[in-house]
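Here is the structure we will look at.
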Amino acid sequence: MRRMLHRTLLLIALALPLQAEAAFEPTPKDRADLARIETYLNGLTTLHAKFLQVAPDGSISGGQAWLARPGRLRFEYDPPAPFLLVAAHGQLVFQDSSIKQTSQAPLSSTPLGMLLAQHVTLSGDMTVTGMQRLPGEIDISLARTASPGDGTLTLVFADAPLTLRQWTVLDAQRKETRVTLFNAELGVTVDSKLFEAVQMPTPSGGG
């Protein structure tokens, strides 16, 4: 039961369609920072990092993440978590090796689809619903413009230099899942085979 709960929370965290919350009117300083963030995200070609995920129930898991824009990402969870998440070919694929089960969703319907787009834009299909500045940090909240009401994605950047270090998904039930990146390396060479999901064996049928 706990494993199934963990899997459900993971799918909420990484594959939830986003929707708009409220109007946000950016100041000139906000617009300047949003332009910097767009430039940073569009210059982000490859990344390798450790990650830590905190689910709504407080459970914690970690592992390694690889990103190659456009369109590819791999979250490889450390044991004993039996999970693997791979984005490639326009699909987000989640695998649970403990029950030999694979699920998938269109990448364009997920928060990660925005980060992995060929060209990241913080307007048009995406709406900035809020910004917050803390010492050495800028947070921006995003939603899908066409579908208001179901949740938001908040990106947390360290500033000077600008670096993506965390994202948080808040779903329609106000449940929060947070992913934090550590020891990130940018511009690394990434093996394309990492983005091919492992094929699960077909469970044998009963008599």
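The values are calculated or read from the model by the stated rules, or taken from the named source; none is laboratory data. Quantities reported herein were computed from a predicted structural model and do not represent experimental measurements. Here the Cβ is made from the backbone with ideal geometry for all residues, glycine too, and neighbour counts use every protein chain on show.
So that you can scan it fast, the table gives a plain yes or no per residue for (1) under 18 Å from A49 (Cβ atoms); (2) modelled with pLDDT of 85 or more; (3) under 16 Å from the mean Cα position of the chain (by Cα):
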residue: R72; (1), (2), (3): yes, yes, yes
residue: E76; (1), (2), (3): yes, yes, yes
residue: L84; (1), (2), (3): yes, yes, yes
residue: F94; (1), (2), (3): no, yes, yes
residue: S97; (1), (2), (3): no, yes, no
residue: Q132; (1), (2), (3): no, yes, no
residue: S141; (1), (2), (3): no, yes, yes
residue: G149; (1), (2), (3): no, no, no
residue: Q166; (1), (2), (3): yes, yes, yes
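Of all residues in the stretch 35-60, which are more than 15 Å from the chain's Cα centre (by Cα) and surrounded by 18 or more Cβ atoms within 10 Å (Cβ to Cβ)?
I37, P56
What residue, of A65, A81, A117, A87, is under 20 Å from L47 (Cβ atoms) and either in a loop (DSSP other than H, G, I, E, B) or in contact with a Cys (Cβ under 8 Å, 6 or more places away or on another chain) (or both)?
A117
Could you tell me whether the stretch 186-196 includes any residue that is assigned to a loop (DSSP other than H, G, I, E, B), at pLDDT below 75, of a type in the set (A, V, I, L, M) and out of contact with any helix residue (DSSP H, G or I) (no Cβ under 9 Å at 6 or more places or on another chain)?
Looking for residues that are assigned to a loop (DSSP other than H, G, I, E, B), at pLDDT below 75, of a type in the set (A, V, I, L, M) and out of contact with any helix residue (DSSP H, G or I) (no Cβ under 9 Å at 6 or more places or on another chain), one finds none in the stretch 186-196, hence no.
Looking at the stretch 89-102, I want the residues that are over 22 Å from S192 (Cα atoms) and have a partner that is modelled with pLDDT under 90 with Cβ atoms under 7 Å, at least 6 apart or on another chain. Which pairs are those?
S98/R3; S98/P82; K100/M200; K100/P201; K100/P203
Residues being among the hydrophobic types (A, V, I, L, M, F, W, C), out of contact with any helix residue (DSSP H, G or I) (no Cβ under 8 Å at 6 or more places or on another chain) and either within 20 Å of R133 (Cβ to Cβ) or crowded, with 18+ Cβ neighbours inside 10 Å (or both): count how many of those fall in the stretch 162-183.
The qualifying residues number 2.
Just a yes or no: is a residue in the stretch 80-90 of a type outside the set (A, V, I, L, M) and on the phi > 0 side of the Ramachandran plot?
Within the stretch 80-90 (the criterion being of a type outside the set (A, V, I, L, M) and on the phi > 0 side of the Ramachandran plot), the answer is yes, since at least one residue qualifies.
I'd like to verify a number: residues in the stretch 89-136 that are of a type in the set (G, A, S) and within 19 Å of Y77 (Cβ to Cβ), how many?
The number of residues fulfilling the criteria is 4.
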